[in-house]
1. Could you list all residues from the range 63-100 that are within 20 Å of HIS22 (Cα to Cα) and open to solvent by 50 Å² or more (accessible area, probe 1.4 Å)?
2. Could you please find all residues in the range 43-102 being without any contact (Cβ under 8 Å) to a residue 12 or more places away in the chain, within 17 Å of THR27 (Cα to Cα) and aliphatic (A, V, I, L, M)?
3. So if I check each of PRO163, PRO122, PRO128, which one is open to solvent by 90 Å² or more (accessible area, probe 1.4 Å) and modelled with pLDDT under 85?
4. Could you please find all residues in the range 29-46 being under 13 Å from LEU81 (Cα atoms) and surrounded by 14 or more Cβ atoms within 10 Å (Cβ to Cβ)?
5. For the range 142-156, name all the residues that are modelled with pLDDT under 85 and loosely packed, with under 10 Cβ neighbours inside 10 Å.
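The values are calculated or read from the model by the stated rules, or taken from the named source; none is laboratory data. Values in this document were obtained by computation on a predicted structure and should not be read as measured data. Here Cβ is always computed from backbone atoms with ideal geometry, including for glycine, and neighbour counts include all displayed protein chains. Ligands, DNA and RNA are stripped out before the accessible areas are found, and what is left, the full protein with its side chains, is counted by its heavy atoms. Shrake-Rupley method; radii C 1.70, N 1.55, O 1.52, S 1.80 Å.
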Amino acid sequence: MGHPNPYGNCGPPMDGLGCPKHHPFLTVDPITCMVTLHDPENPDCVVTIHPLQIQLYLKYDLEVRQSHGNPGSPMPVGYSLFAEILNLASPDTECQYRLSLYDPENQTWSRVNKPFPNGYLPSSYVDPRLDLLVTLGFISKQGNVDKQMVEDAIRTWRAPLWPISPEN
């Protein structure tokens, strides 16, 4: 839809050919759009997260890198586990991109030479219920609201179901 995305490293996951491109340890449920993270070292560790949580992780990673390891906001819940598992991928054969990791022992952040590029991780989300609004004509496929259609619908909803006559 035409909703703006304020995060430079988030967006629709495409590889340039129109094909989805995700991290090898992530799967996306095509119905719910929820993302499942699989730990290759611990098959019992399966984490399901919302794509907007990934957006929050990417925003936080960007803040860590831009602040040279001194972020002003607190670490989002689950960020460490998410970053640790994603960073397990082989940089040569599976995924060359990395998220910043915090080392509590040394109180330092890892240096990331290749952060995740825009659209690589499934971090955009459009509520499936918006399709109904497009079908009904309230919103265009580009995300523009048809104000006249909304006003007409409100007027119709407020109108009585039958004409009121003075005899009733």
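1. Matches in the range 63-100: LEU81, GLU84, LEU88, PRO91, ASP92, THR93, GLU94, GLN96.
2. Matches in the range 43-102: VAL46 only.
3. Values: PRO122 fails: open to solvent by 90 Å² or more (accessible area, probe 1.4 Å); PRO128 fails: open to solvent by 90 Å² or more (accessible area, probe 1.4 Å).
Checking each option against the conditions leaves just PRO163.
4. Once the filter is applied, which keeps residues that are under 13 Å from LEU81 (Cα atoms) and surrounded by 14 or more Cβ atoms within 10 Å (Cβ to Cβ), the range 29-46 yields LEU37, HIS38, ASP39.
5. Taking the range 142-156 first, the residues modelled with pLDDT under 85 are 142-144.
The answer is GLN142, and nothing else.
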